[in-house]
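Comments concern the structure below.
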Amino acid sequence: MQIEIRETNAYPDQKPGTSGLRKKTRIFMQKPNYLENFVQSIFDCLPEKEGKILVLGGDGRYYNRQALQTIIKMAVAAGFGRLLVGQGGILSTPAASHLIRKHRALGGLILSASHNPGGADGDFGIKYNIDNGGPAPERYTDAFYRRSKEISEYRIARIPDIDLDRIGEHPFGDTRIQIIDPVDDYADLMAQLFDFGKMRQALSSGRVSVCFDAMHAVTGPYAKRILEQELGAPAGSVINAAPLEDFGGGHPDPNLTYAKALVDKMYGPGAPTLGAASDGDGDRNMILGRGFFVTPSDSLAVLAANAHLAPGYRQGLKGVARSMPTSKAVDRVAEALGIPCFETPTGWKFFGNLLDAGKITLCGEESFGTGSDHVREKDGLWAVLFWLNVVVATGKPVADLVREHWQRFGRNYYSRHDYEGIDLKTAQGIMEHLRSQMPALPGRTFGAYKVSAADDFSYTDPVDGSVTAGQGLRILLEPEARLVFRLSGTGTEGATLRIYIERFEPDTAKHGQDTQEALADLIELAEKLSEAKARSRREGPTVIT
Ligand code: VG1
Ligand code: CO
């Protein structure tokens with residue numbers, strides 16, 4: 001077998017964002033060696049690869065298969081001992097995380113731009129996960145980026161394309177390439193964590209019903225297998241189940257705007273007990289009851305409070321964590337349970353150390369991400385099964401579970417307002433304008449609120465002491481409320497400003513308000529301080545969740 005060393009020119013812009021390197025598909029396909037450079041940069045930064053295992057797969061979006069063929073040949077040239085590749089090039093992000101852990105792999109490459117649209121005019125992405133199964137921490141991604149700016153050659157094995165659809169082994173030189181079923185191991189893991197027996201009874205008898213919208217993305221095969229085949233939900237319980245290269249032209253982001261088919265069902269007559277959706281790569285989840293939307297922040301809190309109902313969490317939780325912009329609903333549960341609660345920057349990579357050190361069991365983000373120590377990624381279908389387990393164990397509808405939770409802990413009204421696709425200069429201008437006001441804000445009064453603190457969030461990792469600064473501007477208010485402003489790190493065009501608005505309401509009599517109305521004063525204050533509408537020349541945010 002021959003290994004070719006090919007010359008290449010470095011690119012200045014291969015800096016991984018919140019979750020890997022994301023660019024327009026066109027850039028990956030048309031800029032010479034754009035993919036090869038980044039993959040070689042990763043390989044160059046990894047220690048001994050000889051004899052080690054690398055997990056490979058993606059969310060099935062356009063260019064997934066083609067990119068995989070290239071990566072397989074480069075991994076062979078890099079000397080990996082074994083490649084575990086999902087059949088058809090498919091692996092959901094959480095399934096890849098599990099495979100890395102289960103097989104003690106050195107790491108894995110996941111091809112995905114997550115919830116970003118796919119297709120020739122959409123987005124593509126690639127992320128590296130380390131041996132704990134989680135996203136590469138910043139010390140890695142910084143090294144990849146440095147390397148990508150100076151790379152001058154890459155190595156590739158001259159071997160034919162692999163048949164990605166045929167399960168089995170394809171040995172090349174010292175590398176065993178194995179095409180594996182993408183669902184098997186993941187399905188086994190779920191069966192260990194949740195009460196599949198009781199869930200099967202409830203679903204197959206029709207006592208409980210579910211609608212899962214896979215949004216033509218990667219979770220289709222996982223949800224079909226687990227919900228319909230193993231748990232006996234009637235055929236058709238999983239909708240939009242076939243993974244498509246362009247996600248059927250949709251935006252594979254599970255929220256009230258984009259998961260329209262599901263939302264119509266859940267707010268219509270004959271809605272099932274539980275509605276759920278996942279994103280492009282299967283790590284996000286949206287949970288709905290009949291005519292009821294569960295905010296991701298509340299979902300994390302409700303699962304934490306009810307975790308003991310699932311067999312995998314019967315022993316209780318060691319601790320919990322949430323990203324800084326996520327609502328503080330889970331903090332109250334942690335307090336009641338007498339367990340620690342950590343606040344991390346946005347992005348799953350910051351949970352890895354806490355999970356590895358056994359400091360936390362559950363964690364989540366406001367952006368439809370929930371997970372636990374079972375893998376090192378957020379996990380969409382896992383969250384849906386967890387909710388199903390809680391619904392079956394309690395016999396209560398989703399809406400009752402959440403309302404009773406508010407009665408016990410109080411309600412954190414919460415919303416995120418996104419200004420998508422504004423130009424970078426404008427977005428930076430808004431952030432600078434806010435930053436300049438921060439020192440003078442504490443002590444000032446705005447209507448019913450007084451500013452108690454204002455800062456730029458900086459995180460010191462309690463396990464390795466690493467510091468990550470500049471993670472979002474926070475304005476803390478009394479009575480308990482909060483505004484957070486940050487720029488997205490996952491977009492591929494212009495900039496996205498995210499404004500997070502939160503207010504705690506202890507009074508049970510006031511728990512039935514519309515969220516936007518309950519937060520109206522704060523939304524106005526956010527505009528007054530940021531001038532987001534005026535500066536971006538928009539009537540308002542593009543997406544409200
Ligand atoms: C967004 C979310 C963040 C999430 C990230 C990756 O990042 O806010 O919470 O971890 O996407 O999600 P940003 O920087 O755009 O705010 V996914 O499902 O991909 O990869
Ligand atoms: Co995702």
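The values are calculated or read from the model by the stated rules, or taken from the named source; none is laboratory data. Fair warning: this is a prediction, and the values are worked out from it, not measured in the lab. All Cβ positions, even for glycine, are placed from backbone atoms using ideal geometry, and neighbour counts span all protein chains on display. In case anyone asks, the SASA skips ligands and DNA or RNA and just uses the protein heavy atoms, side chains included. Shrake-Rupley method; radii C 1.70, N 1.55, O 1.52, S 1.80 Å.
Observations, loosely collected:
- For segment 186-409, the relative contact order comes to 20 percent (Cα pairs under 8 Å, sequence separation of at least 6).
- Translational D in µm²/s for segment 2-182 (Stokes-Einstein at 10 °C, 1.306 mPa s, Kirkwood Rh from C-alpha pairs): 100
- Efficiency of FRET from Cβ geometry, residue 440 and residue 152, R₀ 45 Å, rounded to 0.05: 0.35
- Between residue 433 and residue 514, the simple spin-label model (points 7 angstrom out along Cα→Cβ) gives 2.7 nm.
- Net length gained if the chain between residue 242 and residue 204 were fully extended (0.36 nm per residue, minus Cα distance): 11.4 nm
- Integer Hz, Karplus 6.51/-1.76/1.60 couplings in order for segment 441-452, x for Gly and Pro: 6, x, x, 6, 10, 10, x, 7, 10, 10, 6, 9
- Backbone HN-Hα couplings from phi across segment 302-315 [Karplus 6.51/-1.76/1.60, Hz, Gly and Pro as x]: 5, 5, 4, 5, 10, 4, 4, 6, 9, x, x, 10, 4, 6
- Rolling a 1.4 angstrom probe over the protein heavy atoms with all chains in place gives segment 411-544 an accessible area of 47 Å² per residue.
- Loop-located trypsin sites (Lys or Arg not before Pro) across segment 159-223 with a Cβ neighbour count of 15 or fewer within 10 Å are 166, 207, with loop assigned by DSSP.
- For residue 321, residues with placed amide H under 5 Å, excluding near neighbours: 342, 362, 363, 364
- Taking only the C-alpha atoms of the chain, Rg followed by Dmax gives 22.9, 73 Å.
- 1.4 Å probe accessible area per residue over segment 2-182, in Å²: 37
- Applying both filters, DSSP loop and at most 16 other Cβ atoms within 10 Å, to the trypsin sites (Lys or Arg not before Pro) of segment 306-386 gives 314, 318.
- Computed over Cα pairs, the Kirkwood radius of segment 186-409 leads via Stokes-Einstein (1.567 mPa s, 4 °C) to a diffusion coefficient of 75 µm² per second.
- Centre separation in Å (Cα based) which lies between segment 363-381 and segment 177-212: 17
- Value at 222 nm in deg cm²/dmol, rounded to 500, when DSSP H runs of n ≥ 4 in the chain each add -39,500 (n - 2.57): -9000 deg cm²/dmol
- Solvent-accessible ranking of 258, 145, 128, largest area first, probe 1.4 Å: 258, 145, 128
- Alpha carbon convex hull of segment 272-323, projected area averaged over orientations, nm²: 4.7
- Sequence-distant contacts, meaning Cα pairs under 8 Å at least 6 residues apart, place the relative contact order of the chain at 13 percent.
- Using R0 = 45 Å, the C-beta based FRET efficiency linking residue 5 and residue 188 works out to 0.65.
- Between segment 504-545 and segment 76-115, the Cα center-to-center distance that results, in Å: 41
- Restricting segment 51-131 to trypsin sites (Lys or Arg not before Pro) that sit in a DSSP loop and have at most 10 other Cβ atoms within 10 Å of their own Cβ leaves 104.
- Expressed as a whole percent, the proportion of Cα-Cα pairs in segment 100-241 lying more than 19 Å apart is 70%.
- Segment 315-417, accessible surface, carbon-and-sulfur percent (1.4 angstrom probe): 41
- Restraint check, 328/533; 102/378; 359/396; 23/127; 450/533, Cα-Cα greater than 19 Å: 328/533; 359/396; 450/533
- Take every pair of alpha-carbon atoms less than 8 Å apart whose residues are at least six positions apart; their mean separation over the length of segment 2-182 yields a relative contact order of 35 percent.
- Distance between segment 249-286 and segment 419-450 - C-alpha centres, whole angstrom: 33
- The 3J(HN,Hα) values that the Karplus relation (6.51, -1.76, 1.60; θ = phi - 60°) gives for segment 290-298 are, in residue order, 5, x, 8, 9, 9, 5, x, 5, 5 Hz. Gly and Pro appear as x.
- Square roots of five times the Cα gyration tensor eigenvalues for segment 1-96, Å: 20, 19, 13
- Full extension of the chain segment joining residue 102 with residue 174 gains 23.7 nm, where the gain is 0.36 nm per residue of separation less the Cα-Cα distance.
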